[in-house]
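Trainee: This is the structure I have questions about; it appears just below.
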Amino acid sequence: MSKFVINAQGTTHRTTERRACAHGTTNHRPTAAVPPAPRWARLAAKAAALSTVPSGVWRIAFGFGAPLGFTGATAAAFAEHQPGWGTVYCVALSALAEALSFLTLGLVRPWGQVMPRWIPWLGGRRVPPLAAIVPALLGSAVLTVLGMEGLFGRWADNLATPDAPHGFAALVMTAAYLPLVAWGPLLGAVTVDYARRTLRWRR
């Protein structure tokens with residue numbers, strides 16, 4: 001009877017190993033669960049993902065030729081290509097910005113730790129923490145510098161030009177782009193939390 005139990009346990013163990021190999025989840029040590037992101041990090045990630053939406057909407061409207069306050073030679077130059085290739089540029093830039101900001105959610109979601117199954121060749125594999133941490137921290141630093149530079153000088157200088165939007169149009173444009181200032185700091189905070197949780201798991 002004992003031999004039968006031992007053989008059954010061995011068969012079960014080998015079956016489990018084969019299944020783990022098939023799914024790419026084998027490891028030489030027991031897998032410890034990464035703790036979930038705290039509520040503040042989840043909210044910060046959502047805010048970062050949404051920070052690009054207002055400017056994206058404004059930019060797309062601008063790309064399709066909506067009158068958003070530009071005048072003079074600047075307005076005439078834009079009108080030559082909008083609608084046109086300028087529209088494609090504005091839509092593509094907005095989509096790229098939103099896609100990059102959306103990746104912030106991966107730092108607080110399971111797909112930021114394990115590749116989604118639908119990704120060819122990589123689906124189901126664990127994401128190396130540094131592969132997410134290093135680009136996110138670099139992006140956060142660049143975005144923060146650009147945001148501070150715009151907030152404390154460049155934006156006001158651009159709006160001071162004669163052909164730039166003024167009055168209500170300037171307020172709308174500023175309101176659309178102001179959330180971008182928060183993108184870098186939010187991304188940085190969420191990345192630090194992601195590093196704290198995932199690097200601790202590695203140890």
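Trainee: Residues with beta-carbon under 15 Å from that of residue 70, excluding residue 70: net charge, scoring Lys, Arg +1 and Asp, Glu -1?
Mentor: -1
Trainee: Please work out the ratio of the alpha-carbon Rg of segment 69-161 to 2.2 N^0.38 Å and round it to two decimals.
Mentor: Against the compact-globule rule of thumb, the ratio is 1.56.
Trainee: Could you tell me which residue out of 151, 72, 108 lies farthest along the dipole of segment 32-202 toward its positive end? Charges go on the beta carbon: Lys and Arg +1, Asp and Glu -1, centred on the Cα centre.
Mentor: 108
Trainee: Which value, in debye to the nearest 20, describes the size of the charge dipole of segment 32-202 about its Cα centre when Lys and Arg Cβ atoms bear +1, Asp and Glu Cβ atoms bear -1, and nothing else is charged?
Mentor: Rounded to the nearest 20 debye, it is 1240 debye.
Trainee: Could you work out the per residue convex hull volume over the alpha carbons of segment 32-202, in cubic angstrom?
Mentor: Hull volume over Cα atoms, normalised by residue count, gives 122 Å³.
Taken together, the values in this text are just the output of simple stated rules run on the coordinates, not laboratory data. None of the values given here were measured: they were computed from a predicted structure. All Cβ positions, glycine included, derive from the backbone under ideal geometry; neighbour counts span all protein chains shown.
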